Structures are given as C-alpha cells and as structure tokens.
Amino acid sequence: MIDLHTHTTFSDGELIPAELARRAAKAGYKGLAITDHADHSNMYLILENLQRFAQEAGPYLDINLAVGVELTHVPPGLIPGLITEARRAGAMLVVVHGETIVEPVARGTNLAAIEGGADVLAHPGLITEQEALLAAEKGVLLEITTRKGHSLTNGHVAMMARKCGAGLVIDNDAHAPGDLVSAEMRSMIAKGAGLTKEEHLQAERNAEALLSRVLGLHA
C-alpha cells in the first residue's frame with residue numbers, strides 16, 4: 001500500500017513526521033508522502049523542515065518517504081504558479097486540495113490544479129467531464145479518498161475517471177493514527193466507490209509508479 005496524501009503537525013495533523021512514518025509502516029504501508037496543507041505563507045517552512053527530516057531520518061525508516069505539499073484553498077488563479085514554485089522549492093510531488101463538497105473550496109480549483117500539472121487532485125468532488133478529460137490528457141491522478149465527508153463523491157469521481165480515462169489513486173488524507181486504514185478497508189472503500197478489482201489494483205499501481213518516479217526507485 002502507498003499513501004500519497006498525509007498530514008503532520010506542520011499543518012493540521014496530530015502526529016510529528018517520525019510517528020506518522022512509523023505508524024504507517026506498522027499499518028502495512030510501503031510508501032508514504034507527507035503533504036501538509038500549504039499556501040504562499042507557509043510552503044517554504046513546511047518543505048524546509050520535511051526535507052531535513054527526510055534527509056536525516058529517511059534512511060532509518062521502514063518505509064519509502066516522499067516530501068510534498070497539499071496546496072489548500074489557494075485562489076485558483078495562483079495555483080499553477082504555486083505548483084511550479086513548490087517544485088522549485090524541493091517538493092517531490094504536489095497535491096492540490098480539490099473541490100470537495102464538504103468545504104467552501106473556490107470554484108475553478110480543480111481546473112487550475114489540472115492545468116497547472118499537479119501530481120494528484122485530492123477529493124475533487126463533483127469533477128466535470130471536461131476536467132476529467134484534461135486530467136487524463138495531462139496525467140493528473142484523481143483521488144479516491146478514505147476520509148469521512150470527502151468520500152461522499154467517490155462514486156462520481158470513479159465514474160468520471162472511467163468515462164474519461166483518467167488515472168486514480170486511493171489515499172487516506174490521514175490526519176490521525178486511525179486514518180491509516182487497512183488493506184481490507186481500502187479494498188472495501190474502492191468497491192464501494194464502484195471500482196472493479198482490476199480498477200482498484202490499477203489505482204494501487206498508479207500510486208506505486210508515481211512514488212517510485214519521484215524517489216528514483218525501480219517500480
């Protein structure tokens with residue numbers, strides 16, 4: 001299992017990076033991306049600290065670790081530029097907080113994230129066909145989430161991804177220890193979203209391929 005969307009005390013998570021990595025490894029995860037909530041005010045601070053942690057502690061962890069950010073509630077017009085800026089600042093991958101129906105995310109966020117070339121569009125809510133087609137074209141992965149509330153539109157996301165040929169990943173959006181769901185629960189959530197077994201396995205392969213690419217590993 002791979003989780004490309006998690007949070008620590010550098011934003012609104014409950015765990016420091018070391019404990020998150022340890023708990024994820026014990027829960028059976030082979031790879032983890034720490035992607036704390038970021039905007040123009042805190043992005044460099046987050047990346048600087050996470051990079052230091054990954055450099056110093058990474059070789060001692062029982063899990064492959066990537067450092068990134070989740071751009072959150074950034075005005076849509078600023079998202080593409082901030083994606084580029086995040087990568088220049090050392091983000092291995094960039095997640096964008098999509099238009100979930102349980103938060104007042106600005107309209108146009110999904111499209112801006114896709115146009116800007118984010119790696120993962122998190123919980124994209126009622127994503128449109130136009131957006132899903134563009135995501136397929138640009139290789140932006142759409143998220144099926146295990147997180148309460150955001151998961152209400154998983155079925156719609158799965159349907160649009162299938163219709164438009166967009167890639168999927170399954171993420172926990174973990175903020176606390178209990179958010180790191182088991183392989184069995186991931187499978188049930190995927191099935192509940194309407195994914196076939198092969199679609200679920202492909203989503204897992206998509207996450208593994210992305211993490212392997214950003215870490216320079218052999219997939």
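The values are calculated or read from the model by the stated rules, or taken from the named source; none is laboratory data. Note that this is a predicted model, so its numbers are computed, not measured. Note: ideal-geometry Cβ built from the backbone for every residue, glycine included; neighbour counts use all protein chains shown. Just so you know, the surface numbers come from the protein's heavy atoms only, side chains and all, with ligands and any DNA or RNA stripped out. Shrake-Rupley method; radii C 1.70, N 1.55, O 1.52, S 1.80 Å.
The table for this structure:
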| read-out | value |
| --- | --- |
| Accessible carbon and sulfur surface of the chain relative to its total accessible area, %, 1.4 Å | 53 percent |
| The chain, helix-only ellipticity at 222 nm - DSSP H runs n ≥ 4, -39,500 (n - 2.57), divided by all residues, nearest 500 | -13000 deg cm²/dmol |
| Full-stretch length increase - L78, L126 - with 0.36 nm per residue and alpha-carbon distance subtracted | 15.1 nm |
| Cβ-derived FRET efficiency at R0 25 Å, A57 paired with E14, nearest 0.05 | 0.85 |
| Modelled label reach - N42, point 7 Å along Cα→Cβ, the range 58-80 residues with backbone N closer than 16 Å | 68-75 |
| Heavy-atom accessible area order for Y44, Y60, Y29, largest first, 1.4 Å probe | Y60, Y44, Y29 |
| Per residue convex hull volume, Cα atoms of the chain, in Å³ | 104 Å³ |
| Distant alpha-carbon pairs in the range 76-126 (separation over 15 angstrom), percent | 38 percent |
| Virtual spin-label span in nm between E184 and E85, 7 Å along Cα→Cβ | 4.6 nm |
| Those aspartates and glutamates that a straight Cα-Cα span of less than 17 Å connects to K30, excepting residues fewer than 8 apart in one chain | D3, E19, D62, D171, D173, D179, E184, E204, E208 |
| Helix runs (DSSP H) in the chain reaching 20 Å along axis by Cα, Kyte-Doolittle at least -1.0 | 43-57, 197-215 |
| Cross-link partners of K163 among lysines (Cα-Cα below 28 Å; sequence separation of 8 or more within a chain) | K138, K148, K191, K197 |
| The range 1-89 - Rg (one decimal) and Dmax (whole number), Cα, Å | 13.0, 40 |
| Rg to Rh, two decimals, where the range 114-219 supplies the alpha carbon set and Rh follows Kirkwood | 0.95 |
